[in-house]
Amino acid sequence: MTNRQTAISTSEGAILECRGIERRFGGIVAVTGVDLVIQPQEIFGLVGPNGSGKTTLTNAITGFYPPNVGTIRLAGEDITGTAPHKVAKLGVARTFQNLALFNGMSVLDNILLGRHIHMNPGIFHTAFYWLTAKREEIENRKIVEEVIEFLQLESIRHELVDGLPIGLKKRVELARALVAEPQMLILDEPMAGMNQEEKGYMSRFILDARAERGVSVLLIEHHMDVIIGICDRMLALNYGEMIASGIPKEVVKDPRVIEAYVGGSHG
């Protein structure tokens, strides 16, 4: 089966479906001809050397840089070109390669920010706080507390994020994404800078999030041991094009994937 067939043959009932995605920046083609299908509650790996188009594809999905060509569907609904805040409201949450936490704020406050898409601020809510806004606040707090317990962050809930080690910061960012109650979770290198023990913890949390919270996951990673260990399927990119797709243990043996990581100009 070809890479393209492997990527699109199971599109029926998919939570996320990308077809023929191309994104250009002036004369530079960042990604082209990319097909991607993720099934409900699937953990799907996206790999490739630096500059291969992983983040560009992610930005296309989340609406930051809509594709010039191609379509993106979320649970069957065409979201191509939809604004990022609307994509978030449709159930897509994301963490970033470079931490996007707010220094000077506590772990709890950073996580609470993840609930903003479910809040309804306005004059009416302020005026009738005891009737509407208070009930909403209690519900939001309840969900945040559940996620804090789920990710074992109780002991640092009131600490400033500034002084936390990278492993805990990444966990806080995951918590902020999970409190949005997404159906699709996009994790951009969530284990960058972690040691082996921290990677093990994060891998377990991702698996538990899928099992207990029913999320589908698009996992962008450089750590092939993580991809092989927890991903159901994967797609490898190089120079913005698909080079291999399928079961992780098979894809990592593909000569084109090996060449992309250890040979040629990426050596």
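The values are calculated or read from the model by the stated rules, or taken from the named source; none is laboratory data. None of these values were measured; they are calculated from a predicted model. Backbone-built Cβ (ideal geometry, glycine too); neighbour counts: all protein chains shown.
Within segment 1-110, which helices (runs of 4 or more DSSP H) (wholly inside it) include 3 or more residues that are more than 13 Å from the chain's Cα centre (by Cα)?
Correct list: 3-8, 84-89.
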Check: If you take the residues in segment 189-198 that are closer than 20 Å to T62 by Cβ and surrounded by fewer than 22 Cβ atoms within 10 Å (Cβ to Cβ), which one is modelled with the highest pLDDT?
Finding: E189
Notebook entry, point to check: Hey, among Y201, Y239, which residue is surrounded by fewer than 23 Cβ atoms within 10 Å (Cβ to Cβ) and closer than 22 Å to T32 by Cβ?
Noted result: Y239
Next item on the list: For segment 26-38, indicate whether the set of residues that are assigned by TED's automatic domain parsing to the domain that holds V217, modelled with pLDDT under 95 and of a type in the set (G, A, S) is non-empty.
Entry: yes
